[in-house]
Amino acid sequence: MKDSAIAVSGLRKTYGDKIVLDGIDLDVPAGTVFSLLGPNGAGKTTTVNVLSTLTKADGGSVHVAGHDVTTDAKAVRAAIGVTGQFAAVDELLTGQENLQLMVDLTGVRATAGKRIVTDLLERFDLAEAAQRPASTYSGGMRRKLDLAMTLVGNPRIIFLDEPTTGLDPRSRRTMWSIVRDLVADDVTIFLTTQYLEEADQLADRIAVLDQGRLVAQGTPDDLKRQIPGTHVRLRFATVATLDAAARLFPDSTRDEEALLLRVPSDGGTTSLRAPLDRLDEYALSADEFSVHTPDLDDVFLALTGHNTEVVAK
């Protein structure tokens, strides 16, 4: 069993009369990716701010890298790196100069610092653009540079706040590859993201935060198993047809607004064919037919009542 990189118990935070975090518990094993999901206002950013010593908690205990964030904040800061939602690069400086600035701020020896800069430029595929101003970089290149700057101090725990927001699919997958490489080096990643596919691809464990409370925790597969399984989706042209079809499938659930009927299925060909045969038997026709297996979008909707378009911070 891996040691805990982050251990949180009974974390509370209020702003005036508003309870932002209402006694949350988290345990993040070292060398894993932990993803925190939640709708707008759920408390994700406040959680990250407390864990990274930027905000003081009002109650509970928080240990990061084995250090108490309240009594030993300096040691916590020495062990972590934080990459915010927006790339914190100086656009007037070149890529190399941005990295050198971070080296100078961390007090690394000149010889070692030069090696670190060179290694990071190569690692993040920025060597050819090293002498160009960051203002000329694409969004994906800026995010890579931002993360490279975070790694100058060799942090063992990295907080990534929506690291791929606004990136194209290719740049997003490049960032995923970088995250996986970091974890392979036993770095711990605490990830907030508005892309549920991203959490599904990267996270070893996921926690869903809603209105300041954790409503679920587990592996992506654990969370998917908490909601109904594979089903056939039938979409109809009229409410009358939907009503008639619903009477044929007592175990189905319906969506009045979308004129949609969900019929449980095991995914096999027989169970997929059966609803269509049943509709034909009663001279009913569906405009659309599809098979759906549970994903994190379904989990998020079931747990929070929000769709994934509002998962952003």
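Where a number appears in this text, it was derived from the coordinates with a stated rule and is not lab data. Note that the coordinates shown come from a computational prediction; the quantities given were computed from them, not determined experimentally. Note: ideal-geometry Cβ built from the backbone for every residue, glycine included; neighbour counts use all protein chains shown.
If amide H atoms are built 1.01 Å from N in the plane of the peptide, which residues on other chains or at least 5 residues away come under 5 Å of the amide H of Val82?
HN-HN under 5 Å from Val82: Phe159.
How far is helix 95-106 tilted off the main Cα axis of the chain, in degrees rounded to 10, range 0 to 90?
Taking the Cα atoms of the chain, the angle to 95-106 is about 70 degrees.
Looking at the stretch 225-295, which GluC sites (Glu not before Pro) are in a loop (DSSP not H, G, I, E or B) and have at most 14 other Cβ atoms within 10 Å? Mind dumping the intermediate values first?
Working: sites: Glu256, Glu257, Glu281, Glu288; in loops: Glu256, Glu257.
Hits after loop and neighbour filter: Glu256, Glu257.
Which of the GluC sites (Glu not before Pro) found in the stretch 63-160 are in a DSSP loop and have at most 11 neighbouring Cβ atoms, other than their own, within 10 Å? If you can, show how the numbers build up before the last one.
Working: sites: Glu91, Glu97, Glu122, Glu128; in loops: Glu91.
Those that pass, being in a loop and sparsely packed, number zero.
Any idea which of Met175, Gln100, Thr270 is furthest toward the positive side of the dipole for the chain, if Lys and Arg beta-carbons carry +1 and Asp and Glu beta-carbons -1?
Positive-end residue among those listed: Gln100.
Over what distance in Å are the Cα centres of the stretch 65-89 and the stretch 138-179 separated?
17
Stokes-Einstein D for the stretch 124-171 at 20 °C, 1.002 mPa s, Kirkwood Rh over Cα pairs, in µm²/s? All intermediate terms of the calculation are to be shown ahead of the outcome.
Working: Rh = 11.8 Å.
This corresponds to a translational diffusion coefficient of 182 µm²/s.
Normalising by the residue count of the chain, find the relative contact order in percent from Cα pairs under 8 Å and 6+ residues apart.
Details: 580 pairs, mean separation 66.3, N = 313.
RCO, the chain: 21 percent.
Pairs Lys56/Lys144; Lys2/Lys74; Lys18/Lys56: which exceed 20 Å Cα-Cα? Don't jump to the answer; show the numbers that get you there.
On the way: Lys56/Lys144 30 Å; Lys2/Lys74 24 Å; Lys18/Lys56 16 Å.
Violating the 20 Å limit, Cα to Cα: Lys56/Lys144; Lys2/Lys74.
Normalising by the residue count of the stretch 231-293, find the relative contact order in percent from Cα pairs under 8 Å and 6+ residues apart. Intermediate values should be presented prior to the final figure.
Working: 89 pairs, mean separation 31.3, N = 63.
It comes to 50 percent, rounded to a whole number.
When Rg is the radius of gyration of the Cα atoms in the chain and Rh is its Kirkwood radius, what does Rg/Rh come to?
On the way: Rg = 23.8 Å, Rh = 21.9 Å.
Radius of gyration over Kirkwood radius for the chain works out to 1.08.
Determine the gain in length on full extension of the stretch Phe289-Ala240; use 0.36 nm per residue of separation and subtract their C-alpha separation, reporting nm with one decimal. Don't skip to the end; give the middle numbers.
Numbers: separation 49, 0.36 × 49 = 17.64 nm, distance 1.77 nm.
Net length gain for the segment: 15.9 nm.
What lysines could a cross-link reach from Lys224, if we take a straight Cα to Cα line under 22 Å and drop same-chain neighbours fewer than 8 places away?
Cα-Cα hits under 22 Å: Lys44.
Averaging sequence separations of C-alpha pairs under 8 Å and six or more residues apart, then dividing by the length of the stretch 97-185, give the relative contact order as a whole percent.
On the way: 45 pairs, mean separation 27.3, N = 89.
Relative CO of the stretch 97-185 lands at 31 percent.
Once every DSSP H run of n ≥ 4 in the chain is given -39500 (n - 2.57) and the sum is divided by its residues, what mean residue ellipticity at 222 nm do you get, rounded to the nearest 500 deg cm²/dmol? Walk me through the numbers on the way to the answer.
Working: 11 runs with 113 residues, N = 313.
Helix contribution divided over all residues of the chain: -10500 deg cm²/dmol.
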